[in-house]
1. What are the residues whose amide H is under 5 Å from the amide H of LYS109, where those residues sit 5 or more places off or on another chain and H is modelled from the backbone?
2. Under 5 Å between amide hydrogens, which residues at least 5 positions from PHE129 or on another chain qualify, with H placed 1.01 Å from N in the peptide plane?
3. Could you identify which residue out of ILE47, ILE71, ILE112 has the top mean-square fluctuation in a GNM of the chain using Cα springs shorter than 10 Å?
4. When the Karplus curve 6.51 cos²θ - 1.76 cosθ + 1.60 is applied with θ = phi - 60°, which whole-Hz ³J(HN,Hα) does each residue of the stretch 86-100 get, with x for Gly and Pro?
5. Specify the residue with the greatest mean-square fluctuation among PRO64, PRO44, PRO11, computed from a Gaussian network of the chain linking alpha-carbon atoms under 10 Å apart.
6. Relative contact order for the stretch 60-146: what is it in percent, counting Cα pairs under 8 Å that are at least 6 residues apart?
7. Could you identify which residue out of ALA133, ALA37, ALA72 has the top mean-square fluctuation in a GNM of the chain using Cα springs shorter than 10 Å?
8. Please list, in chain and number order, the residues 5+ apart from GLU87 or on another chain whose amide H is under 5 Å from its amide H, with Hs placed from the backbone.
Amino acid sequence: MQLHQIQRDHPLKTEKRIGRGGKRGHYSGRGIKGQKARAGRKLPLQIKEWLKRYHKLRGFKFNPLPEKEKIAEVNLETLEAKFQEGEVVSPQSLLEKKIIRKVKGKVPKVKILGRGGLSKKLVFKNCLFSQKALLKVKDLGCEIKS
């Protein structure tokens, strides 16, 4: 007889059947009474409690708000340097002159800020303005189209 030919007299015991007498008896390793000793016990998942406490997720089923649209900011001093008299300043023209970049594959909205001066009459299309920039542009007599 070889070692690999030896067979068991009895099969391996796979599941614990409780309360059937013997040395373990009625409680059979479950302790005495309480929720965990009962059949069909259901306890809340601990991970849910941890997720609720984690402030960035804001609860178990949190749907975050959609992101706000990015706005590219351009100062008047930049426009003075890059544009000629009478040219159109729009998000597309700023993109072509590489003053702004696309955000997630889209051309962003553009806001003109008031730093620097402007001496050329330009035509503005689809641009937002700060108060200071709007005053400077209107004083110069530039055309603003929406």
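1. Those qualifying (amide H under 5 Å, at least 5 residues apart or on another chain) are ALA72.
2. Residues meeting the criterion, in which the H sits 1.01 Å from N, are ILE112.
3. Highest fluctuation of the listed residues: ILE47.
4. The phi angles translate into x, 6, 8, 9, 9, x, 5, 5, 5, 5, 5, 7, 6, 8, 10 Hz.
5. Of the options given, PRO11 has the highest mean-square fluctuation.
6. It comes to 32 percent, rounded to a whole number.
7. Judging by the Gaussian network model, the answer is ALA37.
8. The list, which skips near neighbours in sequence, is VAL123.
Only the coordinates and a few stated rules stand behind these numbers; no lab work does. All figures in this text were calculated on a predicted structure; none of them were measured in a lab.
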